[in-house]
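The values are calculated or read from the model by the stated rules, or taken from the named source; none is laboratory data. Everything quoted here is computed from the prediction, not taken from an experiment. We place every Cβ from the backbone using ideal geometry, glycine too, and count neighbours over all the protein chains shown.
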Amino acid sequence: MELRDRSVLVAGGASGLGAATARRLHAGGAHVVVADLNEAQGKELVAALGERAEFAATDVTDAGQVERAVARASGGPGGLRVSVCCAGVGWAERTTGRNGPHSLDAFRTVVAVNLVGTFNVLRLAATAMAANDPDGEGERGLCVNTASIAAFEGQIGQVAYAASKGGVAAMTLPAARDLASLGIRVCTVAPGVFATPMLRGLPEQAQASLAEAIPFPRRLGRPEEYAELVAHLVANPMLNGEVVRLDGALRMAPR
């Protein structure tokens, strides 16, 4: 699929993986709608990108706000052709511990943002894409979701996060099958340990320890590498219904 003169939506696009993706797709000629809760960062990114970029204040768990962001992207050049959802939150707590059982509210929040929010973006973006004219290969759009290697090797304290990301990975194939007759592809990226604001909050020693565990390259992943994979997913029509690990061969230990 061509990016030039097409519109894309990047949910969670104000920082980290989402911001790198917005920059990469914009550089490829797309009109980019950055959808995020963080208005200050989102507007700063859009100002830096310049023409063909706009910001939409969006909570991915709010159907009305996502509908408005999707509508803005759909009204851009070529209609909404690519949707990328990077919105997510983390949480660390054991199933039970010294202070009692895992917070049920925290579990609900993580699943609501990471899984329900991702599905909210997926269902509304796909509905908008269904109205597009197909390209020469019959394609109308691509939805890219973000899971994590925690979906497969969740660590101690990651029960809520792993459950939410496991759900994102699991819905990839059925969603791709649902949307195949419409010419809409669905793929998921499962990043390993990346240098995002969430990880940068850890002490430097902890970051170095995480990087040391990666077989090769022995460093944290760069958001730009996630963005390059998204660009390849856009370009390669045979990638559909697939969860792609982006982790330098890392397999997470229990802790």
For Asn145, indicate whether it is polar (S, T, N, Q) and outside any loop (DSSP other than H, G, I, E, B). yes
Can you pull out every residue in segment 74-105 that is surrounded by 18 or more Cβ atoms within 10 Å (Cβ to Cβ), over 19 Å from Ser148 (Cα atoms) and hydrophobic (A, V, I, L, M, F, W, C)? Leu80, Val82
Residue check, Arg108 among the basic types (Lys, Arg), assigned to a helix (DSSP H, G or I), surrounded by fewer than 17 Cβ atoms within 10 Å (Cβ to Cβ) and out of contact with any strand residue (DSSP E or B) (no Cβ under 8 Å at 6 or more places or on another chain): yes
Would you be able to say whether some residue in segment 145-153 is touching a Phe, Trp or Tyr at 6+ places or on another chain (Cβ under 7 Å) and either of a type in the set (Val, Ile, Thr) or closer than 25 Å to Pro77 by Cα (or both)? no
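Would you check if Ala195 is touching a helix residue (DSSP H, G or I) at 6+ places or on another chain (Cβ under 6 Å), of a type in the set (Gly, Ala, Ser) and in contact (Cβ under 8 Å) with a residue 24 or more places away in the chain?
So Ala195 does not fit the description; no.
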Pair list, Cβ under 6 Å, 6 or more apart: segment 216-232 residue over 20 Å from Arg6 (Cα atoms), other residue of a type in the set (A, V, I, L, M) and in a strand (DSSP E or B): none
Starting from segment 151-163, take each residue that is among the small types (Gly, Ala, Ser) and list its partners that are part of a helix (DSSP H, G or I) and buried (at least 17 other Cβ atoms within 10 Å of the Cβ), counting only C-beta distances under 6 angstrom and pairs at least six apart or across chains. Ala151/Lys165; Ala151/Gly166; Ala151/Ala169; Gly154/Ala162; Ala160/Phe107; Ala160/Val110; Ala162/Ala150
Residue satisfying all of: in segment 7-30; crowded, with 24+ Cβ neighbours inside 10 Å and out of contact with any Leu (no Cβ under 8 Å at 6 or more places or on another chain); nearest to Gly75 (Cα to Cα) among these: Ala11
From the list Ala35, Ala19, which residue is within 21 Å of Leu142 (Cα to Cα), assigned to a helix (DSSP H, G or I), under 16 Å from the mean Cα position of the chain (by Cα) and modelled with pLDDT of 95 or more? Ala19
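Could you identify the single residue in Val110, Val82, Val32, Val10 that is of a type outside the set (Phe, Trp, Tyr), in contact with a Gly (Cβ under 9 Å, 6 or more places away or on another chain) and closer than 21 Å to Ala195 by Cβ?
Val10
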Is it the case, given these coordinates, that Val113 is in contact with a strand residue (DSSP E or B) (Cβ under 9 Å, 6 or more places away or on another chain), surrounded by 18 or more Cβ atoms within 10 Å (Cβ to Cβ) and β-branched (Val, Ile, Thr)? no
Here are Ile214, Ile149: which of them is of a type in the set (Val, Ile, Thr) and more than 15 Å from the chain's Cα centre (by Cα)? Ile214
